[in-house]
């Protein structure tokens, strides 16, 4: 994370940007505070049809962190996924006194990194028990899951899991989902 922060610093913003960057650095433990304190502040899209950080990012961060019914493995996946998603966003922010943001491009980028974070080695949704996958699916609103971005993510995740999930029945279920959704 330090190298990411250093790469964003320019000599013109050292005095004002360092405090802002510190507030944007994600903690090792997952938290949803970054969505308002950092992401929405440095990518101000309030009122824009492509606003993502509060209406989607923070919403689901809070929903997943408040779900006490995931297994220990599911909680580990959740925690690593939330940190991964947040760490991928920071380098894309305009951390300055007058930030600008292409809301549509930022939303597209955020959705694109979901798949890599959901299926990261050591904490992949592909390896979770069916009960956790079901809880995750029920947490996501129908309109978000079956909107264009949601279906695209499900296609990509299911294609990855169809070949990488444990071969104890889970791989076959991911394969069936992948076939039902069509190729990514």
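Only the coordinates and a few stated rules stand behind these numbers; no lab work does. Predicted, not measured: the structure shown is a model, and the values here were computed from it. When we count neighbours, we look across all protein chains shown, and the Cβ atoms used for this are built from the backbone with ideal geometry, even at glycine.
Assorted remarks:
- In terms of the mean number of neighbouring beta-carbon atoms within 10 Å, the peptides 29-36, 144-151 order highest first as 29-36, 144-151.
- Per the Debye formula on identical point scatterers at the alpha carbon atoms of region 32-181, with no solvent, log10 I(q)/I(0) at q = 0.10, 0.19 Å⁻¹ is -0.36, -1.19.
- The fewest-to-most ranking of 125, 136 by surrounding Cβ atoms within 10 Å reads 136, 125.
- Highest average packing first - 77-83, 117-123, Cβ atoms within 10 Å: 77-83, 117-123
- In this simple spin-label approximation, residue 66 and residue 113 carry label points 7 Å from Cα along the Cα→Cβ vector, and these lie 2.4 nm apart.
- In terms of the mean number of neighbouring beta-carbon atoms within 10 Å, the peptides 66-75, 173-182 order highest first as 173-182, 66-75.
- Region 88-131 - convex hull of alpha carbons, volume per residue in Å³: 95 Å³
- Note on residue 146 and residue 171: the model spin-label points, each 7 Å out from Cα along the C-beta direction, lie 3.1 nm apart.
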